[in-house]
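Scroll down for the structure; my scribbles are underneath it.
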Amino acid sequence: QAASHRVIADHLRCSAFLLADGVMPSNEGRGYVLRRIMRRGMRHAHLLGADDPLMYKLFPTLLSMMEQAYPELRRAEALITETLRNEEERFKKTLDRGLKILDEESGKLGDGQTLSGEVAFKLYDTYGFPVDLTADALKARDISVDMDGFEKAMEAQKEAARASWHGSGDAGTDKLWFELAEELPASEFLGYSADVAGGQVLAIIKDGKKVETLQKGEEGIILVNQTPFYAESGGQVGDHGVITTDRGRFAVSDTQKKLHKLWLHVGRMEEGEISVSEGVDLQVDSDRRNAIRSNHSVTHLMHEALRRVLGDHVAQKGSLQDDTRTRFDISQPVAIKPEEMVQVEEIVNGQIKADTEVTTRVMPLEEAMESGAMALFGEKYDDEVRVVSMGTQDAGGNKTYSVELCGGTHVKRTGEIGKFKVISEGAVSAGVRRVEALTGARVDEYLAQQEGAQAERVQKLQAENKTLRKDYLNLGGDIAGDVPSDADELVKENKKLQKQISDLRRAQATESAAGSEDDIKEIGGVKFVGKVLENFPAKDLKPMADDLKKRLGSGVVVLISTNEGKASIVVGVTDDLTGQISAVDLVKVGAEALGGKGGGGRPDMAQAGGPNAEAANDAAEAIAGKL
C-alpha cells in the first residue's frame, strides 16, 4: 500500500503541474503522456479499493502544500479539478469494460495457467486496458501473462504501421527548400507597415522544381527578396494578392513560410510571364488583410476576456484567423454558460469602443516575459520577440488590458475592429472548448440573417397557429385573442392547441366507437369493439384504446387509423383477459391482413402497421375471427 500511496502522490503532482501549464489529456503527443501519467495514478487508487474518482479529491491537499512555490496551481484550480474528475470517470469505464472482457477470457483458464499475449494486447490496444493492470488482476488466481507474446503483438502492430506509411511524398520538395535556404538570402517581411512593395524574384518553383520562367496558365511558387505578404503562421492565414510586372500578372492564392526564412507566394500566372531576377510589384489584397487584422486583434481581446470571466486556467489551445471569422480553442473543462459568453462580448465590445492604440515592441524574449507578456505554452520563440499590447489600462495607468507575444498583423486602434459577436461555442475534445466569433461588417450580416430567419420562423409558426385554431374551432373548441407575434409564445400556444385538438378528436372518436350498444359486439362471451378511423393520428390510438378499455370494463379493443394509403393498428385487451387473450398475437393477425409483418407490445396493448389501408375492415374482422 505504501508504494501505491507514493505512486498516487507523485503522479497527482506531475499531472497537476502539466495541467497548470496548459497541457490537456489526449491520445497523442504530450497529451498522451499526461493521460498515461494520470491513469497510472488512478490505477493504483483502484488497486487500493477506490471505486469512485479519488485523485481530484486529493488535489486540495497538494494545492495547500505547493501553491506558495507554484501559484499557477491556484489559478488553474478549476481546470485541474474538473479534468482529473472527468479523466478518472473515463478511466473507470475503461476498467469496467476491460475487466469484463478479462473475466470472460480468463474464465477459460485454470489456476496457474497463462493468458495469451494476443489477448493481453487486444485489451491494451482496443480497450485501453494497461497490461500491468491485466497482470495484477490475474494474480489472485495465479494466472500469468505471456509478456513475450504481448511484446511480439506490439511489435507486429508497429511493423504493420511502418509498412503502411509511405511518407508525405514531399521529401524531394523538402530537400529543395533546404537548398534554397542555403542559396538565397532570407525573405524580408515588410507587411507590418505596408500592403504594397517592390521586390526582385529570387526563384520560381513549378511542379517541385526550379524554373527560370512562369508563363500564362501555369501554377507555381514565386520567392522574392522582400514582401508585404504575411505567410501563414500563429493561426493567421496567409495573404492573397497579386505580383505584377510590365510583362505579366501572377495571382497569389496563398502565402506560406519554409524554414523560417523563405516566403512562398503560391498561385497562378493570369497574364504574360515572370522570370527569375525580374523586378516585380507586390500588392496584398488590402480588404482581406484588414478583415484578418480585425479578427486577429479581437482574438487577443477575447482571450483576456475569457480569462477574466472564466478564470486564469483558460489558455489558448489553437486558433484560426481568416477574413471571415476567428476560431479560438481554449482549455476549459465545462461548457461556457450563455450568461458568461454575454459577459465576454460586453467586455470585448467595451475595449473596441474605447478605441485605444495597439502598440508593438520588439524586445528580448526574457525581457518580454518579465514584463508580463502572455506566451503560448508549447510555442517556440526567437530570442527577439514582438510584444503586442492593446486595450485600456488599469486605474493607475500601469497595466494594459492585453499583452501577448505575437508575430501576426494587427489593427492600429481597437476601434477599427468595429463590432464583436460570438456565434458558436462547443467541445473540441476533453477539456477543450471552441469559440467562433465575427467582427465588423460580418456581425451586421450575421445579425441581419438571424433577424430574417427569425421573421421567417414567426411566419411559419403563425400560419401553423391559424390552422390549429381553425381545427380546434371546427371540433367545438373555444379560443379568444389574436395570434401571438412572439416566437416563444407561438410555440407554447401551438403545443397547447395540438394537445387540445388531440384530446377532442380522441374523445369524439371514443364516443363514436362505443356510443351505443350496437357498437359493442360480443364474440365467444368477450366484448369486442372494432373501429376504422380515417385520417386519425396514429399517436392517439393507444390513449383512445385505453379510454375504450375503461368504458368496456372487460373486452378487446381494435383501432385502425388510415392515412395516405397506409394503416396503423392498435389492439387493447383488458387486464382480466390477458391470461387467455394476448394483444400481441391479435395485432400480428391484423398486421398480416394489412400487408405488414410482425407487431409488438404487451399482452394488454400492442401495435403494428401495414401498407394496405384498403384492407382495414378486413383486418378488424380477421382479429374478431380469432376470438
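The values are calculated or read from the model by the stated rules, or taken from the named source; none is laboratory data. Predicted model, so just to flag it, every value in this text is computed and none were measured. When we count neighbours, we look across all protein chains shown, and the Cβ atoms used for this are built from the backbone with ideal geometry, even at glycine. All accessible areas refer to the heavy atoms of the entire protein, side chains included, with ligands and DNA or RNA removed. Shrake-Rupley method; radii C 1.70, N 1.55, O 1.52, S 1.80 Å.
Contact order, relative form, for the chain: 7 percent (alpha carbon pairs under 8 Å, 6 or more residues apart, mean separation divided by residue count).
Could you tell me which of the pairs K122/K152; K470/K566; K158/K257 are separated by over 24 angstrom between their Cα atoms in the structure shown?
Where the Cα-Cα span goes over 24 Å, the pairs concerned are K470/K566; K158/K257.
Between S277, S64, I143, the Cα set farthest toward the positive side of the dipole of the chain (charges on each charged residue's Cβ, about the Cα centre) is that of I143.
Extension gain for the segment D478 to H260, taken as residue separation times 0.36 nm less the Cα-Cα distance, is 70.9 nm to one decimal. Other residues whose C-beta falls under 14 angstrom from the C-beta of Q462 contribute a net charge of -1, scoring Lys and Arg +1 and Asp and Glu -1. Using the Cβ-Cβ distance between S502 and K626 with R0 set to 45 Å, the FRET efficiency from 1/(1 + (r/R0)^6) comes to roughly 0.90.
For the chain, the Kirkwood estimate of hydrodynamic radius, built from reciprocal distances between every pair of different alpha carbons, is 31.9 Å. If the chain linking E219 and D471 were pulled fully straight, counting 0.36 nm for each residue of separation and taking away their Cα-Cα distance, it would gain 84.2 nm. Our helix-only sum for the chain, with -39,500 (n - 2.57) per DSSP H run of n ≥ 4 divided by its residues, gives a mean residue ellipticity at 222 nm of -14500 deg cm²/dmol. For region 1-61, the Kirkwood radius over C-alpha pairs fed into Stokes-Einstein at 10 °C and 1.306 mPa s yields D = 135 µm² per second.
Kindly state, to the nearest 0.05, the FRET efficiency for S277 paired with D444, given R0 = 60 Å and r defined as their beta-carbon distance.
Step by step, r from the Cβ atoms, then E = 0.80.
Electrostatic tally near G238: other residues with Cβ closer than 10 Å to its Cβ, Lys and Arg +1, Asp and Glu -1, net -3.
Highest mean packing comes first when the peptides 107-118, 181-192 are listed by Cβ atoms within 10 Å, giving 181-192, 107-118.
Which net charge results when you count Lys and Arg as +1 and Asp and Glu as -1 among the other residues whose beta-carbon is under 14 Å from that of E89? Surrounding charge for E89 is +2.
Would you tell me the accessible area of D585, worked out with a 1.4 angstrom probe on the heavy atoms of the protein chains, in Å² to the nearest 10? The accessible area of D585 comes to roughly 100 Å².
Distance between the 7 Å Cα→Cβ label points at R247 and S424: 4.7 nm.
Which entries in K337/K492; K317/K337; K421/K496; K466/K539 show an alpha-carbon gap greater than 28 Å? Table pairs above 28 Å Cα-Cα are K421/K496. Between S554 and A487, the simple spin-label model (points 7 angstrom out along Cα→Cβ) gives 5.7 nm.
Fully extending the segment from A50 to L184, taken as 0.36 nm per residue of separation minus the present Cα-Cα distance, adds 42.0 nm. Using a simple spin-label model with pseudo-atoms 7 Å out from Cα toward Cβ, V362 and S144 lie 6.6 nm apart. Computed from the C-beta positions of K210 and Q462 and an R0 of 56 Å, the FRET efficiency is 0.25 to the nearest 0.05. Taking only protein heavy atoms and a 1.4 Å probe, the accessible area of the chain is 47% carbon and sulfur.
Note on region 45-195: Kirkwood hydrodynamic radius from all Cα pairs is 20.6 Å, rounded to one decimal. Look at where the Cα atoms of region 541-614 and of region 283-301 average out, and the two centres are 66 Å apart. If you model region 412-507 as an ellipsoid using its alpha carbon gyration tensor, with each semi-axis the square root of five times an eigenvalue, the axes come out at 43, 18, 8 Å, biggest first. Test of understanding: extend the Cα→C-beta vector of A194 to 7 Å, then name every residue of region 276-307 with backbone N under 14 Å from that spot. Counting backbone N atoms under 14 Å from the label point, the list is 280-284.
The residues of the chain present an accessible area of 52 Å² per residue when probed at 1.4 Å with all protein chains retained.
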